[in-house]
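Enquirer: A single structure is presented below for examination.
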Amino acid sequence: AWSRHADYAMPLGPSLLIIRGLHQRFVALLESLTEEQWRHPVRHPEHGQLDVEDIARRYAGHCDNHIQQMNAVGAKFGW
């Protein structure tokens, strides 16, 4: 269903700029945290009680998965 939205027909560049900007902001935030803040409990709607370090680790894995997907599609279509 998502692929039927108009933004899927756009070039990939603008989306990559959004992701790069988001990641830069996220890195700046995470680098500013104290050790105590890394251990702060967070309630995730799907995974329950986690700490900030767990959230960051899951986010990194999620992003890695998307990069692998993009690379696989790019390889398939010669990008």
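Enquirer: Quickly run through region 56-79 and pick out the residues that are open to solvent by 60 Å² or more (accessible area, probe 1.4 Å) and either hydroxyl-bearing (Ser, Thr, Tyr) or in contact with a Leu (Cβ under 7 Å, 6 or more places away or on another chain) (or both).
Expert: Within region 56-79, Tyr59 is the sole residue that qualifies.
Enquirer: Give me a count of the residues in region 16-30 that are exposed (fewer than 10 other Cβ atoms within 10 Å of the Cβ) and within 13 Å of Glu53 (Cβ to Cβ).
Expert: 0
Enquirer: Only one residue in Glu36, Glu53 is modelled with pLDDT of 90 or more, open to solvent by less than 80 Å² (accessible area, probe 1.4 Å), in a helix (DSSP H, G or I) and out of contact with any Ser or Thr (no Cβ under 9 Å at 6 or more places or on another chain). Which one? Working first, answer last.
Expert: On the way: Glu36 fails: open to solvent by less than 80 Å² (accessible area, probe 1.4 Å).
Selected residue: Glu53, the only one of Glu36, Glu53 that is modelled with pLDDT of 90 or more, open to solvent by less than 80 Å² (accessible area, probe 1.4 Å), in a helix (DSSP H, G or I) and out of contact with any Ser or Thr (no Cβ under 9 Å at 6 or more places or on another chain).
Enquirer: Which of the numbered conditions does Ala72 fail, given that it passes all the others? Conditions: (1) within 18 Å of Leu16 (Cα to Cα); (2) under 15 Å from the mean Cα position of the chain (by Cα).
Expert: Just one mismatch for Ala72, condition (2).
The values are calculated or read from the model by the stated rules, or taken from the named source; none is laboratory data. Small disclaimer: the values here were computed from a predicted structure and weren't measured. All Cβ positions, even for glycine, are placed from backbone atoms using ideal geometry, and neighbour counts span all protein chains on display. Quick note on the areas: whole protein, heavy atoms, side chains included, nothing else; ligands and nucleic acids left out. Shrake-Rupley method; radii C 1.70, N 1.55, O 1.52, S 1.80 Å.
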